[in-house]
Amino acid sequence: MKTLKYFSLLACILFAFACKPEKFGPITSEVNVVKQMQGTWGLTKVTQVDQDATTKGFPYKELDITNVYPYKDLTIALVGDASGNPTTFAITNGNSPKIADLTSGTWTADDMMAPTTITLKNGATTNLLKLGSYAGLSSGKFYLTKNKSINGKVIVSYKYEFTKK
């Protein structure tokens, strides 16, 4: 009985020391998302999302409003240096509604490899633009979202789809 007890204890110790996490190599090389975002982008689609309808499960949650206003006039140019670091930006609104208060200045991203927010700055004025998705950057698509809030509650969101020019 003592032998069985010691054998069980020895087996537990061996199992504990034998287990170690495996290290896997990277699936792909690291991609500098901010560098991929640089260039001139033309607005191709705008979708309005009713957040209240979304949370309540109503059937009409989204509406394509691209042709309601001349949104396709809007372009955004994000410029960077040779290393891929963000430098300046320029937004040409044309006749479209503004997506930001600024039309030029400097821009930064919160993370070079996996950004979630772009900060536009000119003097003391700062605008934040949320990235909707950057999965389409390699195929020339870029997505931004903008939320409209009342008393801290998001009421309406706008999804902007840009195509690289």
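The values are calculated or read from the model by the stated rules, or taken from the named source; none is laboratory data. Source: prediction; values computed, not measured. All Cβ positions, glycine included, derive from the backbone under ideal geometry; neighbour counts span all protein chains shown. Ligands, DNA and RNA are stripped out before the accessible areas are found, and what is left, the full protein with its side chains, is counted by its heavy atoms. Shrake-Rupley method; radii C 1.70, N 1.55, O 1.52, S 1.80 Å.
Which of (1) modelled with pLDDT of 90 or more; (2) part of a loop (DSSP other than H, G, I, E, B); (3) over 13 Å from the mean Cα position of the chain (by Cα) does residue 90 not meet, given it meets every other one?
Evaluating residue 90 over (1) modelled with pLDDT of 90 or more; (2) part of a loop (DSSP other than H, G, I, E, B); (3) over 13 Å from the mean Cα position of the chain (by Cα) leaves (2) as the failure.
Residues 114, 82: which one is part of a loop (DSSP other than H, G, I, E, B), open to solvent by 70 Å² or more (accessible area, probe 1.4 Å), under 20 Å from residue 32 (Cα atoms) and out of contact with any strand residue (DSSP E or B) (no Cβ under 8 Å at 6 or more places or on another chain)?
Answer to the selection: 82.
Quick one: what pairs do we get from the range 43-55, first residue free of Cβ contacts under 8 Å to residues at least 24 places away in the same chain, second open to solvent by 50 Å² or more (accessible area, probe 1.4 Å), C-beta under 9 Å, 6+ apart or different chains?
53/59; 53/60; 53/61; 53/62; 54/61; 54/62
Residue pairs, Cβ under 7 Å, 6 or more apart or interchain, first in the range 89-110 and free of Cβ contacts under 8 Å to residues at least 12 places away in the same chain, second loosely packed, with under 14 Cβ neighbours inside 10 Å. List them.
Every condition considered, the pairs that remain are 110/116; 110/117.
So which residues in the range 67-79 are assigned to a loop (DSSP other than H, G, I, E, B) and either more than 23 Å from residue 98 (Cβ to Cβ) or more than 21 Å from the chain's Cα centre (by Cα) (or both)?
Within the range 67-79, 67, 68, 69, 70 qualify.
Of all residues in the range 27-64, which are aliphatic (A, V, I, L, M), open to solvent by 10 Å² or more (accessible area, probe 1.4 Å) and over 20 Å from residue 116 (Cα atoms)?
Those that are aliphatic (A, V, I, L, M), open to solvent by 10 Å² or more (accessible area, probe 1.4 Å) and over 20 Å from residue 116 (Cα atoms): 27, 63.
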